[in-house]
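Read the structure below first, then the notes.
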Amino acid sequence: MTGLVLTASGCLFWVCVEGTRERTDFSRALFSWSVSAISCDEGVFLEKQTRALLVVDVQYDFCPGGALAVVTGMDVAHRICGYLESFADCYAVIVFTRDWHHDPGRHFAAQGEEPDFLEIWPPHCVAGTKGAEFSPALLHWTGQAIIVSKGHWSAAYSGFQGTADISAGRELFLQGFLQESAVGSVDVCGLATDYCVAATEHDAMENGYKVRMLVDLCGGIAADSTARALTRFVKAGGELVFSEAVA
């Protein structure tokens, strides 16, 4: 098997087996990929004092109607909100990352230029605009989260390239904040699976964290690139986790 992708319905996976693609149900996909279910009560899966939840770039411009929409973006936002309402207490810290572009140079296509959707993108998530705001579906959750902003003056896919205002006049990169919070492992969800989620997971593992991806709380831009991202993540030692708190 080479990949697994959550479809727009949220109920089926595309599972790539020996170069072919077949549609299968949740149970078969979960069995094939050894995806774990979360149980906060058991304490085996979630160690509250040392685990962080990283919610990646759930913003207007990455949801339907936005400048760079993920088809399932709004559905993902609702699912994450439901998950937070049920499981927020299982985490020592919760972080929301966001693209917060001022002038990111060649990350944005110039006026009249066709983006290649690889390195050059349509303008999106410009700081201070509606497109950069978090999805209102996500904000139905009223708890507290640290906001990490990235991509002010250049491309920045990983949350670890961003900084947070921890207190007045004190700014830390995400890695510094997690270290100060004595975090040892992270769960990751959000948008998009094949870009900013994948980059954040990669950097988390590079920094020595044990990383789990909440696979049903993520959405990808394209099926092929999402399958490749999931495959790379598992091969690198990441764990795919199925959330039981689907909104």
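The values are calculated or read from the model by the stated rules, or taken from the named source; none is laboratory data. Everything quoted here is computed from the prediction, not taken from an experiment. In this analysis, Cβ positions are derived from the backbone assuming ideal geometry, glycine residues included, and neighbour counts consider all displayed protein chains.
Worth a mention:
- The lone exception for Ala137 - which of (1) under 27 Å from Gly184 (Cα atoms); (2) touching a residue at least 24 places away in the same chain (Cβ under 8 Å); (3) surrounded by fewer than 21 Cβ atoms within 10 Å (Cβ to Cβ) it fails: (1)
- Residue check for Glu171: in contact with a Ser or Thr (Cβ under 6 Å, 6 or more places away or on another chain) and of a type in the set (D, E, K, R): yes
- Of the residues Ala52, Ala137, the single one that is closer than 17 Å to Ser158 by Cα and among the small types (Gly, Ala, Ser) is Ala52.
- Hey, Asp194 closer than 25 Å to Thr231 by Cβ and in contact with a Leu (Cβ under 7 Å, 6 or more places away or on another chain) or not: no
- Residue that is farthest from Phe62 (Cα to Cα) [pool: residues in region 206-229 that are part of a helix (DSSP H, G or I) and out of contact with any Cys (no Cβ under 8 Å at 6 or more places or on another chain)]: Glu206
- Pick from region 80-112, criterion within 16 Å of Ala164 (Cα to Cα) and within 14 Å of the chain's Cα centre (by Cα), ranking: surrounded by the most Cβ atoms within 10 Å (Cβ to Cβ): Thr97
- Here Val183 fits the description: in a loop (DSSP other than H, G, I, E, B) and over 9 Å from the mean Cα position of the chain (by Cα).
For every residue, the table says whether it meets (1) out of contact with any strand residue (DSSP E or B) (no Cβ under 7 Å at 6 or more places or on another chain); (2) outside any loop (DSSP other than H, G, I, E, B); (3) closer than 15 Å to Phe62 by Cβ; (4) modelled with pLDDT under 95.
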{"position": "Arg106", "(1), (2), (3), (4)": "yes, yes, no, yes"}
{"position": "Ala110", "(1), (2), (3), (4)": "yes, no, no, yes"}
{"position": "Phe117", "(1), (2), (3), (4)": "yes, no, yes, yes"}
{"position": "Gly128", "(1), (2), (3), (4)": "yes, no, no, yes"}
{"position": "Val148", "(1), (2), (3), (4)": "no, yes, no, no"}
{"position": "Ile166", "(1), (2), (3), (4)": "no, yes, no, yes"}
{"position": "Glu171", "(1), (2), (3), (4)": "no, yes, no, yes"}
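- Unique match (being buried (at least 24 other Cβ atoms within 10 Å of the Cβ) and aliphatic (A, V, I, L, M)) among Met213, Met205: Met213
- Residue match in region 167-190 (condition: surrounded by 20 or more Cβ atoms within 10 Å (Cβ to Cβ), among the small types (Gly, Ala, Ser) and closer than 18 Å to Tyr91 by Cβ): yes
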